[in-house]
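Notes follow once the structure below has been shown.
The values are calculated or read from the model by the stated rules, or taken from the named source; none is laboratory data. None of the values given here were measured: they were computed from a predicted structure. All Cβ positions, even for glycine, are placed from backbone atoms using ideal geometry, and neighbour counts span all protein chains on display. Keep in mind that these areas ignore ligands, DNA and RNA; they rest on the heavy atoms of the full protein, side chains included. Shrake-Rupley method; radii C 1.70, N 1.55, O 1.52, S 1.80 Å.
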Amino acid sequence: MPVSKSLTDWQRLRARRTLLGGGVIAYPTEAVWGLGCDPWDVLAVERILELKQRPMEKGMILVAASVEQVRFLLDPLPANLQETAVSHWPGPVTCLLPDVNEQIPEWVRGRHSSIAVRVSDHPVVRSLCEAAGMPLVSTSCNPAGRQPARHSWQVRRYFGDQLDWIVPGELGGNRKPSRIIDIVTGQQLR
């Protein structure tokens with residue numbers, strides 16, 4: 001399966017305007033299509049939760065272009081936990097990081113004291129995060145109880161014109177969603 005190239009300059013500009021303007025986008029990730037937005041924009045996050053019919057309490061993942069984009073979450077942690085997280089990135093591994101300073105809003109974190117974070121190696125995901133200048137919410141592109149979208153036509157079928165942009169691109173080569181690892185306990189949750 002072909003892997004997407006990074007976004008063009010025009011697409012980066014559109015991504016930046018859409019995300020910083022409170023928009024919700026669908027985009028290809030390593031394994032499935034994702035829905036994303038600015039995690040600090042409560043209205044955008046609420047739109048995603050409504051589209052997915054997902055309760056806020058469950059929380060969502062943040063995806064980033066680089067370790068530096070999530071440095072603010074890593075710095076308060078002991079060195080061994082930072083090293084554990086960084087050893088999994090970039091790639092299809094999501095790490096549960098304790099949010100010791102409560103820097104991530106509860107509408108993203110849910111009822112949890114930690115936040116799920118992935119530094120992606122997918123070129124479209126990285127381009128989107130770079131264009132926005134921050135990590136983004138990333139959750140599978142599907143209503144609750146339905147299979148995650150693996151094709152852009154499924155995205156359109158699920159959400160039609162309810163999205164602000166369906167970013168062009170192809171999925172990465174992974175067949176399964178990212179592994180989720182609790183960096184404190186070492187437990188693999190998915």
Can you find even one residue in the stretch 29-41 that is touching a His at 6+ places or on another chain (Cβ under 9 Å), touching a residue at least 24 places away in the same chain (Cβ under 8 Å) and of a type outside the set (D, E, K, R)? yes
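Search the stretch 51-60 for residues being among the aliphatic types (A, V, I, L, M) and under 23 Å from residue 73 (Cα atoms), and hand back the single one that is surrounded by the fewest Cβ atoms within 10 Å (Cβ to Cβ).
Only one residue tops the list, namely 56.
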Going through the stretch 61-73 one residue at a time, which ones are in a helix (DSSP H, G or I) and surrounded by fewer than 19 Cβ atoms within 10 Å (Cβ to Cβ)? 67, 68, 71, 72
Right, residue 61: over 14 Å from residue 120 (Cβ atoms), touching a strand residue (DSSP E or B) at 6+ places or on another chain (Cβ under 6 Å) and in contact (Cβ under 8 Å) with a residue 12 or more places away in the chain or not? no
Mind checking which residues of the stretch 141-160 are more than 14 Å from residue 25 (Cβ to Cβ) and of a type in the set (A, V, I, L, M, F, W, C)? 144, 153
Residues satisfying the stated conditions in the stretch 181-190, i.e. of a type outside the set (A, V, I, L, M, F, W, C) and not in a loop (DSSP other than H, G, I, E, B): 182, 188
Need pairs with beta-carbon distance below 6 Å; first residue among the acidic types (Asp, Glu) and within the stretch 158-183, second open to solvent by less than 40 Å² (accessible area, probe 1.4 Å) and modelled with pLDDT under 90; sequence gap 6+ or separate chains. 170/4
Does any residue of the stretch 166-181 turn out to be of a type outside the set (A, V, I, L, M) and over 17 Å from residue 122 (Cβ atoms)? no
Collect the residues in the stretch 100-140 that are charged (D, E, K, R), under 25 Å from residue 172 (Cβ atoms) and touching a strand residue (DSSP E or B) at 6+ places or on another chain (Cβ under 8 Å), keeping them in residue-number order. 118
Of the residues in the stretch 51-75, those that are of a type in the set (S, T, N, Q) and either out of contact with any Pro (no Cβ under 9 Å at 6 or more places or on another chain) or on the phi > 0 side of the Ramachandran plot (or both) number 1
Restricting the search to the stretch 7-50, which residues are open to solvent by 10 Å² or more (accessible area, probe 1.4 Å), in a helix (DSSP H, G or I) and in contact with an Asp or Glu (Cβ under 7 Å, 6 or more places away or on another chain)? 18, 20
